[in-house]
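Data first, discussion second: the structure below is written as structure tokens.
Please treat every number below as a calculation from the coordinates, not as lab data. For clarity, every value in this text was computed on a predicted model and none was experimentally measured. Cβ atoms come from the backbone with ideal geometry, glycine included; neighbour counts cover every protein chain shown.
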Amino acid sequence: MNLLLDTHVWLWAAEAPERLGRKTKNLMVKAGVDRSVSAISALEIARLCAGGQLILSIGLAPWIESSTADLLLQHLPVTYSIAVEAYALPEPFHGDPADPLLVSTARIHECTLLTADERLLRYERLETLDCRL
């Protein structure tokens, strides 16, 4: 199984694992499960830190490095094909500009998107998993 963690799932897994459900916690440590995050999530976290909405216990760059190592995450870049697909998805998206990029990243890399975002969980053109389960 290939998982793509939504931005909040990455934050919760590293900073507040009690917010994750039992099934998700098991997947986060299960051998044979590839866990990835998108570069767009790093951008979202950086924006939140810069705006004061998120305060990490350590600096952003060391946090990204340590959480990546601790959670055994792979980083997926935002490629041209991801950018093109993000704005050609079959159904319109709400105002969050990161969501189409996350969806297209998951689709192109054949990942299940791990999220608590109800709008993404209802998106029929993507395999999703509720991280609260």
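Size of the dipole of the range 66-125 about the Cα centre, Lys and Arg at +1 and Asp and Glu at -1 on the beta carbon, nothing else charged, in debye to 20? It would help to have the intermediate numbers written out before the result.
Details: 4 positive and 9 negative charges, 20 e Å.
Result for the range 66-125 is approximately 100 debye, rounded to the nearest 20.
Mind listing the long-range amide H neighbours of Thr112? Cut-off is under 5 Å, sequence gap 5 or more, other chains count too, H placed in the peptide plane at 1.01 Å from N.
HN-HN under 5 Å from Thr112: Asn2, Leu3, Leu4.
How would you rank 2-15, 106-119, highest first, on the average number of other Cβ atoms within 10 Å across their residues? Can you show the working numbers first?
Numbers: 2-15: 21.4, 106-119: 18.4.
Averaged packing, sorted descending, gives the order 2-15, 106-119.
Using the Karplus curve 6.51 cos²θ - 1.76 cosθ + 1.60 with θ = phi - 60°, work out ³J(HN,Hα) for each residue of the range 100-116 in order, rounded to whole Hz, and write x for Gly and Pro.
Result, ordered by residue: x, 5, 5, 4, 5, 4, 5, 5, 5, 8, 6, 10, 8, 7, 8, 8, 10 Hz.
Suppose every Lys and Arg Cβ carries +1 and every Asp and Glu Cβ carries -1, with no other charges. What dipole size does the range 2-130 come out with about its Cα centre, to the nearest 20 debye? Let's see the in-between values first.
On the way: 11 positive and 17 negative charges, 51 e Å.
Taking the Cα centre of the range 2-130 as origin, the dipole is about 240 debye.
Which net charge results for the neighbourhood of Ile45, defined as the other residues with beta-carbon distances under 12 angstrom from its beta-carbon, given Lys and Arg at +1 and Asp and Glu at -1?
Values: positive: Arg47; negative: Asp6, Glu15, Glu44.
Its environment carries a net charge of -2.
Considering only the chain, what is the antiparallel percent among its DSSP beta bridges, to the nearest 5? Mind showing how you got there, number by number?
Working: 0 of 13 bridges.
Just about 0 percent of them are antiparallel.
Using +1 at the C-beta of Lys and Arg and -1 at the C-beta of Asp and Glu, which of Ala13, Gly95, Leu126 has the Cα lying farthest in the positive direction of the dipole of the chain?
Result: Ala13.
Got a sec? Which residues in the range 1-25 would a label at Glu110 touch, if it sits 7 Å along Cα→Cβ and we count backbone N under 15 Å?
1-4, by backbone N distance to the label point.
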